[in-house]
Amino acid sequence: MRFLLIVIFIAALILNSCQETTVTKEEVAAKLDTLEHKFEWLDYRISQEQWDLYTRGFSDSLEFYTGLYNYTITDKELLRNLNLGKKYFNDEDNLRRYDLIYSSVLTGLIESENNISALRDSLNKFDIIYRPNYNGEKTTQSSLYDLYRSSDNRLVREQSYRAWTQIGNELADGLAQLFRLRNQQARTLGYNNYFALVFSQMEVDQPTYLKLLDRLDSLSRKPYQSILQGIRTQLRYDDVEIWDITYAYKDINRKIDSYFPVDFQLDMVKSSLEKLGYDLDQLPIYFDLEAREGKSQFAYAFPIKPPYDVRVLANLTNGLYSTRVLMHEMGHALHATQISQERAVYTNSIASAWGEGMAQLIAAQCDEKDWLQNEANVPADVADEYNKAKKEQDLVYLRTTLCRLMFEYEAYQNPNQDLNKLYWDLFEKYLFLPRHDDLKPWASLIYYITHPVYMQNYLFADIITAQSLNSIKRLYGYYSGNNLAGSFLTHNYFRFGSRYSWREMLKRGTDEDFNPDYLIEQLGI
Ligand SMILES: [Zn+2]
């Protein structure tokens, strides 16, 4: 009798634990529905609060809503149930929706962890309201950036570069701690490190990515070295420094910038979009474009409630760079207003590489000779001279990007190493310039703090852009000013939101799989 009771007890236990590890199709479907609705509402409230924070320097309820968000996804059973439930879905719509929601929960579980979110948010707040000191006076990051790239006085360039990177010394310890915390949390979810977790949700895998970086490095090394040699000869320095590089292009940059006074930039953007077939006055896009105290010094598009309410924050200054940044953010905003999907998750969960690609496609107009001539009245010879210089500066940018990407990759492989040494080692490897171990420029890049393992999306975006422009020009002859090109973008890309994977949309639009060769060809390497 006693034996029987034990058997029954054990059987009940097994049954019970079976129930715990089983989840029905209805339960998972209901979970997905609930999450989709909660995310829609929370994304909306959080974006509104972030808009306040970034435009005013403070927000009333950001902590409250991010707290709710964290509460929603840190339900311990959630990830397990989602994992168990995938097998129930075999129709394409539900599988897609499942993947997007699963991915948000997985990455959200890292960023919502208490220590990580507290540290990240405090570093970000510090960065938003930070104003650097230069010669004993408060200034802005963008005026230092201008100064270090264009002052004729080499000492001023050096000092402004140092002041520009000063914030890195304030943020370095916190950032190093963030690398460690994100890795710890990723390990609790079964990943080797945080970088591997993010790439598990990316449409390009880690080995392919590392091979791509390697290929870009070997193809661009020699052309970059001869650019460097040209700068040495031109400036008559034996040792060119990081603060001399952009300065070498100051004449043509000044020339081109004179065609982009701050007050005309929004009109140029409006006119260029109109020719692509988009009437900005009819679109629900709102702007905050003037610099002021307490406001973030960067530029962002905030999809508050796409496609009905989208906002753009920027700090316009004279020059082409500021115009291009505005075009890029307008590209994000335009994309968000053109999404035509019933499911909120297809409107709100845009893959970062794809979102950046859509923004870069709009910004790419600024590099076209036609556009420079027609929209900004740049004379043909100045446009040619500028494009020649731009090609060289693009290679400098590429190698700077390789340095930053490899830094982040290596930092997550081992966050306990000397990160400053790692950065300057990579800096020497990719840029062939003197190191300055007393500075910590890597920690002044806010992306590592607020958008971890994100910067590679800009590289993917440039590939998406080069590949798409190749198709557009093959089909319609030219890009900027061509409303057929605008139709191409809406029809093949914008309207789908994240209904399909971005590689699939790219393939549908261009008839070819994701192909870095187009970027390599554009770079001329
Ligand atoms: Zn962007």
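Just a few scattered comments:
- Take every Cα pair under 8 Å whose residues are at least 6 apart in sequence, average their separation, divide by the length of the stretch 25-112, and the relative contact order is 35 percent.
- Extension gain, Lys388 to Asn94: 0.36 nm times the residue separation minus the Cα-Cα distance gives 101.0 nm.
- Listed residues Ile73, Phe89, Leu53: farthest to the positive end of the dipole of the stretch 25-112 (Cβ charges): Phe89
- Summing Cβ point charges (Lys, Arg +1; Asp, Glu -1) relative to the Cα centre of the stretch 25-112 gives a dipole of roughly 280 debye.
- Inter-part distance where the stretch 497-512 and the stretch 433-482 are each reduced to a Cα centre, Å: 19
- Cα gyration tensor, the stretch 168-214 - rounded (a/c under 1.5), prolate or oblate: oblate
- Across the stretch 375-525, C-alpha contacts under 8 Å between residues 6 or more apart give a mean separation that, scaled by the residue count, equals a relative contact order of 19 percent.
- Using the Karplus relation 6.51 cos²θ - 1.76 cosθ + 1.60 with θ = phi - 60°, the per-residue 3J(HN,Hα) values for the stretch 253-260 come to 5, 5, 4, 5, 4, 5, 8, 10 Hz, with x marking Gly and Pro.
- For His451, His328, His436, the sequence from fewest to most other C-beta atoms within 10 Å is His451, His436, His328.
- For the stretch 126-238, the Cα gyration tensor yields ellipsoid semi-axes of 35, 26, 10 Å (square root of five times each eigenvalue, largest first, whole Å).
- Each residue, Tyr454 and Ser218, gets one label point 7 Å from its Cα in the Cβ direction; the gap between the two is 3.3 nm.
- Cα centre as origin, Lys/Arg/Asp/Glu Cβ charges: the chain dipole, Debye: 780
- Extension gain (nm, one decimal) between Thr22 and Ser200, 0.36 nm per residue minus Cα-Cα: 61.6 nm
- Going from the fewest other Cβ atoms within 10 Å to the most, the residues Val269, Val262, Val453 appear in the order Val262, Val453, Val269.
- With 0.36 nm allotted per residue and the present C-alpha distance subtracted, the Tyr286-Leu210 stretch has 23.5 nm of extension available.
- Taking each of Lys38/Lys295; Lys440/Lys473; Lys125/Lys211 in turn, the alpha-carbon distance tops 32 angstrom for Lys440/Lys473; Lys125/Lys211.
- The protection proxy used here, the mean number of other Cβ atoms lying within 10 Å of each residue, ranks peptides 419-432, 221-234 as follows, highest first: 419-432, 221-234.
- In the stretch 25-112 the Cα-Cα distances spread across 10 Å bins starting at 0 as 16, 45, 26, 11, 2 percent of all pairs.
- The peptide list 375-385, 107-117, 489-499, 345-355, put in order of mean Cβ contacts within 10 Å with the highest first, becomes 345-355, 489-499, 107-117, 375-385.
- Across the stretch 80-92, coupling constants 3J(HN,Hα) worked out from phi with the 6.51/-1.76/1.60 Karplus curve, θ = phi - 60°, read 5, 4, 5, 4, 5, x, 4, 4, 6, 9, 10, 8, 5 Hz, and Gly and Pro carry x.
- Scattering profile of the chain at q = 0.07, 0.08 Å⁻¹ [log10 I(q)/I(0), Debye over alpha-carbon scatterers]: -0.42, -0.54
- Each of the peptides 398-409, 29-40 was scored by the mean count of other Cβ atoms within 10 Å over its residues; in descending order, highest first, they stand as 398-409, 29-40.
- Value of relative contact order over the stretch 310-412, rounded to a whole percent, pairs C-alpha under 8 Å and six or more apart: 21
- Only Lys, Arg, Asp and Glu carry charge here, each on its Cβ (+1 for the first two, -1 for the last two); on that basis the stretch 157-292 has a dipole of about 580 debye about its Cα centre.
- Proximity of backbone amide H atoms, modeled 1.01 Å from N, is registered between Tyr134 and Thr139 at under 5 Å, excluding neighbours fewer than 5 places apart on the same chain.
Coordinate-derived values only; no laboratory data. Source: prediction; values computed, not measured. So basically every Cβ, Gly included, is an ideal-geometry build from the backbone, and we count neighbours across all protein chains shown.
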